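Here is the structure we will look at, set down as structure tokens.
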Amino acid sequence: MHGPASPGWLLVVLCAATGAYCLLRMRSPVEEQRRTAGGEALMGFGMAAMALPAAVVTPPRWAWLAYAAVFGATAVRTLWASRWASRTSPHHLHHLMGAVAMVYMAGVMAASPGHHHGGSGIPLLTGALLLYFTGYVLRSGVRLLPLATAAPGTPRTLGWGDRTELSQACRLSMGIAMLAMLVTL
């Protein structure tokens, strides 16, 4: 992605750490949690790779096309899975939006590596994705606010990988990273 190297490295570390945590979450005994964690790990590592500062490595055009193909396949798989689901969850739709955003960013980078949009302003799709991810980040942040605590005698049997607040924090950090990547596009 375009932009200064220091924030780029912070973005790489944030996305890679999130992807690594999501890999650990794949050990969950809950099948839906494992499937969701796998998709989020792919997104985290893909975002980390795309966020590498251009001063360090300038990927060739075919690498951007490979990113577009991988995340295009992810979008198709998400659509296919949601088609057969009894009820499409908002989280499935968010995965679809994330995959579409990654395909879009990879396409833009393949078309014009090393260049900004110039003076043409924000393209319509970039603006729509910025609005979506801004709303997602705000909603995710609100969901992390503590509302009520469990009763003192309530046993807690969840492993640290199954804690919903940690997975929400991961989703929030990836949403913020997606915003940062879209802004620098």
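Quick notes on this one:
- Residues 126, 134 arranged by fewest to most Cβ contacts within 10 Å: 134, 126
- Estimated vicinal HN-Hα couplings, Hz - the range 25-38 in sequence order (Karplus 6.51, -1.76, 1.60; Gly, Pro = x): 5, 5, 7, 4, x, 8, 4, 4, 5, 4, 5, 5, 5, x
- Spin-label model, residue 169 to residue 27: label points 7 Å out along the Cα-to-beta-carbon direction sit 1.8 nm apart.
- R0 of 35 Å, Cβ-Cβ distance residue 65-residue 183: FRET efficiency to nearest 0.05: 0.90
- Loop-located trypsin sites (Lys or Arg not before Pro) in the range 1-44 whose Cβ has at most 16 other Cβ within 10 Å (DSSP): 27
- Karplus (6.51, -1.76, 1.60) ³J(HN,Hα), θ = phi - 60°, over the range 5-15, in Hz, Gly and Pro reported as x: 6, 4, x, x, 5, 4, 5, 4, 5, 4, 5
Every number in this text was worked out from the coordinates using simple rules, so none of it is lab data. What you see is a predicted model; the values in this text were computed from it and never measured. Ideal geometry is used to build each Cβ from the backbone, glycine not excepted, and the neighbour counts take in all protein chains shown.
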